[in-house]
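**Q** Please read through the structure below; I'll follow up with questions.
The values are calculated or read from the model by the stated rules, or taken from the named source; none is laboratory data. Just so it is clear, the structure is predicted and the values come from calculations on it, not from any experiment. Neighbour counts run over all protein chains shown; Cβ positions are idealised from the backbone, glycine included. To get the accessible areas, we keep the full protein, side chains included, count just its heavy atoms, and leave off ligands, DNA and RNA. Shrake-Rupley method; radii C 1.70, N 1.55, O 1.52, S 1.80 Å.
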Amino acid sequence: LRLPTFEYLEPKNVEEALEMLTDHADQAAVMAGGTDLIVRMKQRLVQPAFLISLKDLHDLNYIRQENALILIGATTPLVSLHDSKLIKTHFPALADAARLIGAPSIQHVRGTIGGNLCLQTRCLYYNQSAFWRSGKSPCHKDHGEICYAEENSDRCRSANQSDGACALMALGAGIVLESTRGKRTLPIEGFFTGKGETPFAAASDELVTEIQIPVPGKGEGSSFQKLTYRSAVDFALVSATAWVAVTEGKISDARLAIGGAGASPLLLKEAADKLVGKGSHHKDAVEETAKQVRNQASAFMVDNLGSTLEYRRKMSGVMAKRAIEDALDKCLGNSTVKGRKS
Amino acid sequence: VGEPGLVSTAPAIANAVYDAIGVRIKDLPFSPEKIPAALKEKNGKE
């Protein structure tokens, strides 16, 4: 598969990048690592006239603490996240998520956290070659009027399979967007629209420059769990992130996010609230929460990511349960990043 | 050296699965999702 033709732009600093984005807005695509964009360009899913590469924007490669926030630059390589002591200690879920994106080679050489956050929603009937799609009329995401994932759907049902986004959703991150018009910070819930056709709330001239996560206090833990068909280089069939805070043996606060269901990582507030006030060893509360996660996430899932829908629905609860249990473990003193439970 | 056949491997594992859960799965791979599906079908029949 060959790349379509485009003009390649290489800004040397953030200001230059923002000016280029303003000039070309709708005709431009921003490339951080390109691990997803290049594939989509080859498949002719996106054909930008201008490609703005962030390769030389070294100013955006950092992880540092400022007061009560951890700041992560948008072009920070994924490997820096799972190697960073700051991230590993404070946000084991994010470190784990970064370690499970693609494969080590992708994490080391190209993949960035900003790029992963902005991963386009995916669907089995959309992420295919131009030739494959040429035999069918275009779907909603392809500017058509059909959905192949769900019969008679009047909108795109593609799913957000970004591991980073799922983790950041549960961690309550803030996303900094910059353009020549200025700078604004969106809570991560506001960064996603929930629409398959246009999943992000960022305007076409805006660039994600930074991710901010509040530093957790004592007794807070998080965990990320991912279900894939293969063990590496695979998108999540369903993923779950749990963040919990424990005070005096009781869960005082919790956030749960499910990936691979719907066009945005699902933040399940009601399910998470079921945990609040329960003892940290309350097994029934975890079971009950997992059951509710399964019920709520199931409503957003359609048969569009491979595997079977029934299995994915069932596993959304299982992943949530594993994430909650692991996050609770980490709260209670064991804060090291563990390998994926099989 | 040579190229020994692997014909018997898959059926051997299929037999192991049958021994464990009493269900014959006839298509590869034996992915985790097929197990609950097969069990459900079996229990539904009985």
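**Q** How would you rank A:116-128, A:4-16, highest first, on the average number of other Cβ atoms within 10 Å across their residues? Spell out each step's value before the answer.
**A** Numbers: A:116-128: 21.5, A:4-16: 13.3.
Top to bottom by mean Cβ count within 10 Å: A:116-128, A:4-16.
**Q** If you put +1 on each Lys and Arg Cβ and -1 on each Asp and Glu Cβ, how big is the dipole of the stretch A:177-314 around its Cα centre, in Debye rounded to 20?
**A** Working: 18 positive and 17 negative charges, 55 e Å.
Dipole about the Cα centre, nearest 20: 260 debye.
**Q** Pulled fully out, how much extra length does the chain show between A:A203 and A:T89, if you take 0.36 nm times their separation in residues and subtract their Cα-Cα distance?
**A** Working: separation 114, 0.36 × 114 = 41.04 nm, distance 3.39 nm.
Contour length minus Cα-Cα distance gives 37.7 nm.
**Q** Between A:E151 and A:Q128, what's the calculated FRET efficiency when r is the beta-carbon distance and R0 is 25 Å? Round to 0.05. Don't skip to the end; give the middle numbers.
**A** On the way: r = 19 Å, r/R0 = 0.76.
My answer for the efficiency is 0.85.
**Q** Right, next: So what are the ³J(HN,Hα) numbers for the stretch A:246-256, from phi and the Karplus equation (6.51, -1.76, 1.60; θ = phi - 60°), rounded to whole Hz, Gly and Pro as x?
**A** Values per residue, Gly and Pro as x: 10, 10, 6, x, 10, 6, 9, 7, 7, 9, 10 Hz.
**Q** Ok, one more. With charges set only on the Cβ (+1 for Lys and Arg, -1 for Asp and Glu), what does the dipole of the stretch A:254-298 come to about its Cα centre, in debye to the nearest 20?
**A** Working: 7 positive and 5 negative charges, 13 e Å.
Once rounded to the nearest 20, the dipole reads 60 debye.
**Q** Quick one: buried accessible area between B and A, total over both chains, 1.4 angstrom probe, nearest 100 Å²?
**A** 500
**Q** So what's chain B giving for Cα Rg divided by 2.2 N^0.38 Å, two decimals?
**A** Rounded to two decimals, the normalised Rg is 1.40.
**Q** Then there's this: Going down the list A:K88/A:K283; A:K274/B:K40; A:K136/A:K314; A:K321/B:K40, which pairs span over 28 Å between their C-alpha atoms?
**A** Over 28 Å apart, Cα to Cα: A:K274/B:K40; A:K136/A:K314.
**Q** Can you list the aspartates and glutamates whose alpha carbon sits under 14 Å from that of A:K141, skipping same-chain ones fewer than 8 residues off?
**A** Within the straight-line limit of under 14 Å, A:K141 reaches these aspartates and glutamates: A:E150, A:D154, A:E197.
**Q** Something else now. When the gyration tensor of the stretch A:79-120 is built from Cα positions, what are the square roots of 5 times its three eigenvalues, in whole Å, from largest to smallest?
**A** Value: 17, 11, 8 Å, ordered largest first.
**Q** I'd like the FRET efficiency for A:D23 and A:S231, computed as 1/(1 + (r/R0)^6) with the beta carbon distance as r and R0 of 35 Å, rounded to 0.05.
**A** For A:D23 and A:S231, the calculated efficiency is 0.20.
**Q** On to the next question. Report P(r) for chain A: all Cα-Cα distances, bin width 20 Å, range 0 to the bin holding the largest distance, values in whole percent.
**A** The percentages, shortest bin first, are 32, 58, 10, 0.
**Q** Hey, another quick one. How large is the dipole of the protein assembly as shown about the Cα centre if only Lys and Arg carry +1 and Asp and Glu carry -1, each at its Cβ, rounded to the nearest 20 debye? Show your work: numbers first, answer last.
**A** Details: 47 positive and 45 negative charges, 244 e Å.
The calculation lands at about 1180 debye.
**Q** Taking the Cα centre of each part, how many Å lie between the stretch B:17-46 and the stretch A:268-323?
**A** Their Cα centres are 24 Å away from one another.
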